[in-house]
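Some notes on the structure that comes next.
Readers should treat all values here as calculations from the given coordinates under stated rules, not as data from a laboratory. Predicted, not measured: the structure shown is a model, and the values here were computed from it. With ideal geometry, Cβ positions are generated from the backbone for all residues, glycine too; neighbour counts draw on all protein chains shown.
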């Protein structure tokens with residue numbers, strides 16, 4: 001009887017794991033690097049949470065500095081917006097492994113340094129490693145690249161990342177909806193990114209024609 005229980009236990013555990021996976025809430029990773037445009041990360045974290053997603057955040061030191069400069073938020077306030085927050089040096093974090101189920105990842109904003117690392121598989125911190133995991137597992141990765149003008153290295157890195165499966169999404173404002181505030185411009189790009197991430201609650205405003 002004891003041997004019978006020993007044989008059955010692993011099978012029951014695997015069944016339980018599968019059931020838990022089917023019932024878990026969807027997960028998304030939000031990476032923040034040191035480019036301008038921290039407001040996009042904040043809005044994405046807020047909207048992902050309100051859409052029922054479990055959010056995993058990793059912000060580089062330059063990102064934390066920029067969040068404070070542009071929005072007046074310190075690291076603690078930033079991390080409070082996510083369900084789970086990691087430091088860039090947390091190489092043993094769950095999101096560093098493809099065995100940790102995550103639906104999608106966005107880097108918002110994505111600096112040219114982070115883009116270069118992602119495009120060339122240089123996983124020098126948790127943000128770039130998490131992005132590398134998304135690519136190798138064939139999961140959705142959106143890079144909100146922020147730089148202008150662009151040199152040839154930037155363009156080639158965008159091409160390389162695209163060829164590996166990433167989506168390059170510069171947060172370029174749309175004016176055909178006649179936005180009245182900066183918040184409206186930010187929200188429009190945010191909703192489009194959410195749609196690309198596969199979030200069912202995304203509400204991008206479709207073009208209706210002239």
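Tabulated data
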read-out: Residue among 63, 85 that alone is assigned to a strand (DSSP E or B), more than 21 Å from residue 196 (Cα to Cα) and under 15 Å from the mean Cα position of the chain (by Cα); value: 85
read-out: Filtered residues of the range 160-192 (kept if within 21 Å of residue 31 (Cβ to Cβ) and without any contact (Cβ under 8 Å) to a residue 24 or more places away in the chain); value: 162, 163, 172, 192
read-out: Hey, residue 171 in a loop (DSSP other than H, G, I, E, B) and more than 20 Å from residue 32 (Cα to Cα) or not; value: no
read-out: Count of residues meeting criterion [closer than 20 Å to residue 38 by Cα and not in a helix (DSSP H, G or I)] in the range 105-135; value: 8
read-out: Test for residue 108: is it touching a residue at least 24 places away in the same chain (Cβ under 8 Å), touching a helix residue (DSSP H, G or I) at 6+ places or on another chain (Cβ under 7 Å) and more than 18 Å from residue 48 (Cα to Cα); value: no
read-out: Pairs where the first residue, in the range 194-210, is more than 18 Å from residue 108 (Cβ to Cβ) and the second is loosely packed, with under 13 Cβ neighbours inside 10 Å, C-beta under 7 Å, 6+ apart; value: 207/176
read-out: Conditions (1) over 18 Å from residue 37 (Cα atoms); (2) out of contact with any strand residue (DSSP E or B) (no Cβ under 6 Å at 6 or more places or on another chain); (3) surrounded by 15 or more Cβ atoms within 10 Å (Cβ to Cβ); number of the one not met by residue 147; value: (1)
read-out: Selection within the range 160-183 - within 20 Å of residue 139 (Cβ to Cβ) and exposed (fewer than 15 other Cβ atoms within 10 Å of the Cβ); value: 162, 163, 165
read-out: Among (1) without any contact (Cβ under 8 Å) to a residue 24 or more places away in the chain; (2) farther than 24 Å from residue 184 by Cα, the one test that residue 94 misses; value: (1)
